[in-house]
Amino acid sequence: MTNETISDEYRKMQQELHQNPNYGVASLSFAPIVAELIKKAHVESLSDYGAGKKNLLKGLQQAGVTSLTYKPYDPAFPEYGKAQSADLVCCIDVLEHIEPELLENVLRELSSLVTKFGFFSIHMGPAAKFLSDGRNAHLIQQPSSWWLTRICKYFEVMQLQTHQMMGHGIWLIVQPLKT
């Protein structure tokens, strides 16, 4: 069993997509919700899993969140370094982009990083963008029930909301499973 979370070929496709200035902007829409969670839960560190161009950080600063240890991670941006644990791990508009055969590895990695809370948003329909090989950028297009069976293997779901921000999707606040 491998712990790989992205193939080299797919990493290159993601790097190409990130050249588009309109790719990776969903976190801006979710920043106010994340900012509220940070304030209510007294979060001191945030790991932005799939940080892209760090739009979540920009959105949080606009929402008045400034005293926070921010830890970006994105395999398309190797200069960010490895994924790091934090009080709050955000994974916004990322999970639907994961290669299906590696999703379990990504969820397992996320579960090792979340110390207090996770905030995950998942779009469940097709993306407007396509990969260079012609596939839809959302490699996984499944309903919330499908996602929940996978997420609940690793997390307790504290809150679940449907959202129309990016079309048809959900966002969740999760905590590590009690062992």
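All of the numbers you see were taken from the coordinates with simple rules; none came from a lab. Because the structure is predicted, anything quoted here is derived from the model rather than measured. Here the Cβ is made from the backbone with ideal geometry for all residues, glycine too, and neighbour counts use every protein chain on show.
Structure data summary
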quantity	calculated
Total charge dipole magnitude, the stretch 8-176, about the Cα centre, Cβ charges on Lys, Arg, Asp, Glu only, Debye to nearest 20	360 debye
Set of lysines near Lys53 by C-alpha distance (under 27 Å), chain-local residues within fewer than 8 positions excluded	Lys12, Lys39, Lys40, Lys71, Lys82, Lys116, Lys129
Leading residue at positive end of dipole, the chain (Cβ point charges), from Tyr73, Ala63, Thr5	Ala63
Residue-averaged 222 nm ellipticity for the chain, from DSSP H runs of 4+ at -39500 (n - 2.57), nearest 500	-9000 deg cm²/dmol
Loop-resident sites, the stretch 20-121, for trypsin sites (Lys or Arg not before Pro), counting at most 10 other Cβ within 10 Å (DSSP)	Lys82
Stokes-Einstein D in µm²/s, Kirkwood radius over Cα pairs - the stretch 47-157 at 10 °C with 1.306 mPa s viscosity	107 µm²/s
